[in-house]
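Take a look at the structure below.
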Amino acid sequence: METMVRPSNGFLSALAADDYELLRPYLRTVELPHEAVLVETGETLKRAYFPHRGVISLVVKLAKGEHVQVAMIGRDSLLGTLSTMGDAFALNTAIVLVPGVASMMDLDRLRIAADQSPTLRTQLTRHGLAVYAQVQQTAGCNAAHPVESRLSRCLLHTHDLSGDYRLLLTQEAMAQMIGARRNSVSLVANTLQHANFIHYSRGHIQILNLDGLRQTACECYGTVKAQYDRLVSQR
């Protein structure tokens, strides 16, 4: 039997052949433009996105206008996991943080496929739990850890999800990522730049020293990675 070339998204590439074939006819490739809104809080999520490149930010919008990121989804997972199991009502806004490319399919089609395959349904649940674990860890991190550690964590995670050392992140975007004020982000970004961990200029970040960022980041970076590996690596 001829081996079929899979998309580079980690979720799709890890599926069993029969499960992938349930999805393949309905997948189409789309661009993920920078800052594109894929779904707003309170809307019905209609499509699932499987990033090949780029990062999707899940954002909570508060009454006074603050926007706080609670999780990120990149090339190893998908947007729309638990929506296939129940209510597709969006609890947060999904915005493209790092531009890229994704496979996309109608969520109804993904739900039908999950109903047909227990193994596909299990994989969707595990990926959903991994995102939920990230949300929980992010809440604790933003409440308890210094801004420098939080920013280092987010830069490392963004690099992992995007596969890129060069990131387009404004001070506003970074403040949203870690639940901090822009002036705090500016000070910390300068500190990381002076340590030669990053180069930052006009919203463009180049990661220069991953080990330095890992030493600066809090334990939440490793905890989220470990939870993802535990949940998604199970067979």
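Per residue, the average separation of C-alpha pairs within less than 8 Å and at least 6 apart gives the chain a relative contact order of 21 percent.
Helix 147-162 and the longest principal axis of the Cα set of the chain meet at an angle near 30°. At q = 0.10, 0.14 Å⁻¹, what is the base-10 log of I(q)/I(0) for the stretch 10-142 according to the Debye formula with one equal point scatterer per Cα and no solvent? Please give it to two decimals. For the stretch 10-142 at q = 0.10, 0.14 Å⁻¹, log10 I(q)/I(0) is -0.30, -0.59. For the chain, the longest principal axis of the alpha carbon atoms and the long axis of helix 220-232 meet at an angle near 10°. The H on the amide N of LEU208, modeled in the peptide plane, is under 5 Å from the matching H of ILE198, HIS199, each at least 5 residues off or on a different chain.
Remark on LEU32: its backbone amide H falls under 5 Å from those of GLY100, VAL101, ALA102, a criterion applied only to residues 5 or more positions apart or on other chains, H modelled at 1.01 Å from N. Applying 1/(1 + (r/R0)^6) with R0 = 25 Å to the Cβ-Cβ distance of ALA17 and GLU40 gives a FRET efficiency near 0.10. Ordering of 209-217, 92-100, 42-50 by packing is 92-100, 42-50, 209-217, highest average first (other Cβ atoms within 10 Å, averaged per residue). The accessible area of HIS145, taken with all protein chains in place and a 1.4 Å probe, comes to roughly 40 Å².
The values are calculated or read from the model by the stated rules, or taken from the named source; none is laboratory data. The shown structure was predicted, so the numbers you read here are calculated from the model rather than taken from an experiment. When we count neighbours, we look across all protein chains shown, and the Cβ atoms used for this are built from the backbone with ideal geometry, even at glycine. Surface areas here come from the heavy atoms of the whole protein model, side chains and all, with no ligands, DNA or RNA. Shrake-Rupley method; radii C 1.70, N 1.55, O 1.52, S 1.80 Å.
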